[in-house]
Amino acid sequence: MPTTFRSTRLIQRMFIATLVAPLISVLTFNANANATSKNDYLQHDKFTAFLNTVVKEDGHDKQTILDLFDDAERKDSILKAIARPAEKRLTWAKYQDIFLGKKRAEKGLAFYKKHKSTFKQANDKYGVPPEIILAIIGVETRYGGNKGSYRVIDALSTLAFDYPPRSKFFTKQLRQYLLLGKEAGIDLKATTGSYAGAMGFPQFIPSSYRHYAVDFDNDDVIDLINNPVDAIGSVANYFSEHGWVANAPITSPARFLKANGKESDLDDFVNQGLKPSLTIEDINNAGLLGDKAYDKGLKATAMRLKGKQGNEYWIGLNNFYVITRYNHSKLYAMAVYQLSETLKTKIK
C-alpha cells in the first residue's frame, strides 16, 4: 500500500476519532450515572402490594409513603454484606481480634463512668449486670462511635424487595420501621444504621425497637439513637424479656478428657445448636469437664471454637443462650461474655 494512501487513511481515522470521542464520553457518563442512580422502588413489582398493605392495615398516608420510597435506593453493598456476615466467615480467633481489643475496653470504662448511676438503675430493675449491658453496646457500636452509615430506609428496602432469601423477614422490619416514624418520631429518610437496618447505641432492629425499647430517663421520648440512658435501659429490658436470670452462670471453659477417646469423637456432639438441650451429665459423659461445678441435671450446650491456640471447648448455660437472642451466633455471645469479664474487673 502506498505511503501517501496510508497517511490519508490515518488522517481520516484521527478526524473521526475526534468527533466520536466526546460522544463516547457522554454515553459512558450516562451509563455510569444509570448504574449508580437510585433504584425506582415505586416501579418495583413488590412495592404496590406493600404500599396497599401499609396504607390499609397500618394507617399510613399513601402520598407520604410514595414520597419516602421515591427517595429510597437499592444498595448492592448491602446485598454483598448480608451474604457474608462476620459470624459465618470468621473463626473465633479472628473474631476475638475484632471485638476484644484494648481500646474497646478502655472506651467501655469511660462510658461506664459517665453513666454509672444508669447502669445501677438498670441492674436494680432488670437484674442484668452492668458489664453485660456495657459489653453489648461495646460490641455493637463501640459505645456509640459507629452506629452505622447506611440509611435505614435504603437498607430495609434493599433487603425487603431485592433479597429473596429473607425478603419476608425484612418486609416485616420495613413495616415496623414505618410505624416507628409515627411512634418514636424517627426521621424515616435520614436515620442511619447497619446494613441490616439496626439502629442506635444498641443496634435494635425496628421490631425490637418497638417492643423492647424503654423511656429510661422518663422524658416521654424513647430514643435509642441519641440517648445512651434509654439505650442502657432498653438493653437490660431486652435481656430480661428474653429470660435472663440474675446472678446465674453464663458459660465456662471445658477440658476434653483424652482418656475417653479422640477429639473427633465429639464432632457430632458439639455445636448442635444454641439452645441448651443437653445436661451437664451428658456433656461430662461425652468427655468434657467444665472448670466449674454445675448441677448434673442443668441444661447446657457444648461448644467447640477454633481459637488462637487450637480448639477451645465451652459449656454454655441459659444466660449464654439469652445473649444469642441478641445475635444468633455463639461467636457473638462469646465476644460479649469475654468483653464483659474484662470490663467487670475494671468497673468493680
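No value in this document is a laboratory result; all are computed from the given coordinates. Bear in mind the structure is a predicted one, so any value in this text is a computation, not a measurement. Reconstructed Cβ throughout: ideal geometry from the backbone, glycine too, with neighbour counts over all protein chains shown.
Cβ-Cβ distances below 8 Å connect the following pairs, each with a first residue in the range 135-160 that is within 16 Å of Asp230 (Cα to Cα), a second residue that is among the basic types (Lys, Arg), and a separation of six or more residues or different chains: Gly138/Arg104; Gly138/Lys107; Thr141/Lys147; Tyr143/Lys107. Under the condition of being within 19 Å of Asp291 (Cα to Cα), touching a helix residue (DSSP H, G or I) at 6+ places or on another chain (Cβ under 8 Å) and outside any strand (DSSP E or B), the residues counted in the range 305-320 number 1.
Does at least one position in the range 162-176 carry a residue that is touching a residue at least 60 places away in the same chain (Cβ under 8 Å), out of contact with any His (no Cβ under 7 Å at 6 or more places or on another chain), surrounded by 20 or more Cβ atoms within 10 Å (Cβ to Cβ) and assigned to a loop (DSSP other than H, G, I, E, B)? No; the residues of the range 162-176 include none that is touching a residue at least 60 places away in the same chain (Cβ under 8 Å), out of contact with any His (no Cβ under 7 Å at 6 or more places or on another chain), surrounded by 20 or more Cβ atoms within 10 Å (Cβ to Cβ) and assigned to a loop (DSSP other than H, G, I, E, B). Here are some residues: Lys189, Lys147. Which one is charged (D, E, K, R), touching a Phe, Trp or Tyr at 6+ places or on another chain (Cβ under 8 Å) and in a loop (DSSP other than H, G, I, E, B)? Exactly one of Lys189, Lys147 is charged (D, E, K, R), touching a Phe, Trp or Tyr at 6+ places or on another chain (Cβ under 8 Å) and in a loop (DSSP other than H, G, I, E, B), namely Lys147. Output the residues belonging to the range 95-134 that are touching a Phe, Trp or Tyr at 6+ places or on another chain (Cβ under 6 Å) and either surrounded by fewer than 20 Cβ atoms within 10 Å (Cβ to Cβ) or polar (S, T, N, Q) (or both). Selection gives Lys107 alone. Whether a residue is touching a residue at least 24 places away in the same chain (Cβ under 8 Å) and either charged (D, E, K, R) or not in a helix (DSSP H, G or I) (or both) was assessed, and Ile222 passes this test.
Annotation note: of Leu288, Leu274, Leu257, the sole residue that is in contact with a Phe, Trp or Tyr (Cβ under 7 Å, 6 or more places away or on another chain), surrounded by fewer than 19 Cβ atoms within 10 Å (Cβ to Cβ) and among the hydrophobic types (A, V, I, L, M, F, W, C) is Leu274.
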